[in-house]
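A.B. asks: Have a look at this one before I ask anything.
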Amino acid sequence: IPGRNFGLIIVNGLSNLGTQTFVPRATQNLFEAADSYSHRSGRHSQKYGLSAQRYQANELRGTFFNGQYSFAGLTQFLAGTPASFVGVLGGTSAAGAASPAGWRWTTYSAYAQDDFQARPNLTFNLGLRYEFSTPPGEVNGQIANLRSPLDPKITYGGQLFNTMARSWAPRFGFAWSPFPDRQSS
């Protein structure tokens, strides 16, 4: 990487060349607001709930700052055609100093459930849960990736990936006792 120290070169069948510095410093915050409600009426026992969680993951990105090149063999190394590259693009220092990354995303969920006692020895459980998570984003411009393997350029900034817009989870269960008048142990 121009202007940076020598990174790590891995050639299949040979010893590694160069060095790699890892800076495993991270702080995570989770903020949550949640509420639930239960109601029992006759043969029904109902439960409802809502939740919102805000995630913040802050880290110093020194891992792979100078790059790590992997080659399938000596021939590919001599030809200068790596099989893969892992590295941090951007950053605060050409000398290999760590640069901050701040990941942010929010998850929302809601559920409703009803336990219905059809008979003294038979209970049905019916429910539905919905969950949505926003795409992870980075607040310091530290995201860089190829959106498609055919892209000629790296895309900087934006979101890491898109999440599923609709995440529904139905629930069905039952409890049955063959002995309605006594408990089994």
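A.B. asks: Could you look through the stretch 149-182, keep only residues that are at pLDDT below 70, assigned to a loop (DSSP other than H, G, I, E, B) and not hydrophobic (A, V, I, L, M, F, W, C), and pick out the one that is surrounded by the fewest Cβ atoms within 10 Å (Cβ to Cβ)?
C.D. replies: Pro149
A.B. asks: Restricting attention to the stretch 59-80, report how many residues are modelled with pLDDT of 80 or more and either assigned to a strand (DSSP E or B) or surrounded by fewer than 19 Cβ atoms within 10 Å (Cβ to Cβ) (or both).
C.D. replies: The qualifying residues number 12.
A.B. asks: Restricting to the stretch 24-48, name every residue that is surrounded by 11 or more Cβ atoms within 10 Å (Cβ to Cβ) and of a type in the set (A, V, I, L, M).
C.D. replies: Hit for the stretch 24-48 is Ala26, nothing else.
A.B. asks: So for the stretch 101-115 (the condition being under 22 Å from the mean Cα position of the chain (by Cα), of a type in the set (Phe, Trp, Tyr), closer than 26 Å to Ala33 by Cα and open to solvent by less than 50 Å² (accessible area, probe 1.4 Å)), does at least one residue qualify?
C.D. replies: Taking every residue of the stretch 101-115 in turn, at least one turns out to be under 22 Å from the mean Cα position of the chain (by Cα), of a type in the set (Phe, Trp, Tyr), closer than 26 Å to Ala33 by Cα and open to solvent by less than 50 Å² (accessible area, probe 1.4 Å).
A.B. asks: Restricting to the stretch 1-13, name every residue that is modelled with pLDDT of 85 or more and open to solvent by 90 Å² or more (accessible area, probe 1.4 Å).
C.D. replies: Asn12
The values are calculated or read from the model by the stated rules, or taken from the named source; none is laboratory data. Just so we're clear, the structure is a prediction, and the values are computed from it rather than from any experiment. Quick reminder, even Gly has a Cβ in these numbers, built from the backbone with ideal geometry, and neighbours come from all protein chains shown. The area values use the complete protein model at the heavy-atom level, side chains included, leaving out ligands, DNA and RNA. Shrake-Rupley method; radii C 1.70, N 1.55, O 1.52, S 1.80 Å.
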